[in-house]
Amino acid sequence: MKKYLYGLLALSAVACSTGGERNDDPVEGVWRGTIALNDSTNLPFNFEWKGKDSLYSMTIWNGEEEIQTERIETDGDSLIIRLPVFANYFKIKKGEERMDGYYINPDADNYRLPFNAMAGDSSRFKAGEMNCCDINKKWAVKFSP
């Protein structure tokens with residue numbers, strides 16, 4: 001009887017196992033990222049994500065400029081995305097359709113700004129995000145040579 005009980009326990013353990021590590025590769029395509037500059041101001045930008053199985057690339061769009069990032073390292077369930085030219089980098093927890101983490105400047109003391117991104121969102125600014133000012137007024141303009 002004990003032999004059958006041990007066999008049943010072993011079978012249950014195998015049936016309940018996850019079957020290996022989850023991949024959680026971010027989906028390829030356009031993403032919308034935001035860096036929280038302070039409590040009330042976010043810096044939104046769009047980027048294209050490509051790759052899987054630790055071979056990634058990210059193209060950040062800044063108007064007409066495209067910034068290629070190909071120095072992307074994996075660290076467990078996290079990614080370290082190093083930017084070209086500068087020492088700044090993103091350290092994020094990877095997910096299929098969401099990334100959360102920090103934008104870090106290692107040359108400054110404790111400079112870590114919260115970062116998050118959502119897959120499939122190609123809008124840079126959301127409706128109502130830019131309602132800080134009413135510019136529909138008459139303005140005095142002075143031109144000089």
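The values are calculated or read from the model by the stated rules, or taken from the named source; none is laboratory data. Since the structure is predicted, the reported quantities are computational estimates derived from the model, not experimental observations. In this analysis, Cβ positions are derived from the backbone assuming ideal geometry, glycine residues included, and neighbour counts consider all displayed protein chains.
Which one of the conditions (1) more than 15 Å from the chain's Cα centre (by Cα); (2) in a strand (DSSP E or B); (3) touching a residue at least 12 places away in the same chain (Cβ under 8 Å) does K50 fail to meet, given that it meets all the rest? Only one criterion in (1) more than 15 Å from the chain's Cα centre (by Cα); (2) in a strand (DSSP E or B); (3) touching a residue at least 12 places away in the same chain (Cβ under 8 Å) is unmet by K50, namely (1). Restricting region 22-47 to residues that are part of a loop (DSSP other than H, G, I, E, B) and surrounded by 15 or more Cβ atoms within 10 Å (Cβ to Cβ) leaves a set whose member that is modelled with the lowest pLDDT is D25. When the residues of region 93-125 are filtered to those that are of a type in the set (A, V, I, L, M, F, W, C) and without any contact (Cβ under 8 Å) to a residue 24 or more places away in the chain, the one that is surrounded by the most Cβ atoms within 10 Å (Cβ to Cβ) is I104.
The criterion of being closer than 22 Å to R32 by Cβ and at pLDDT below 95 holds for N88. Residues of region 51-86 that are surrounded by 14 or more Cβ atoms within 10 Å (Cβ to Cβ) and among the basic types (K, R): R71, R82.
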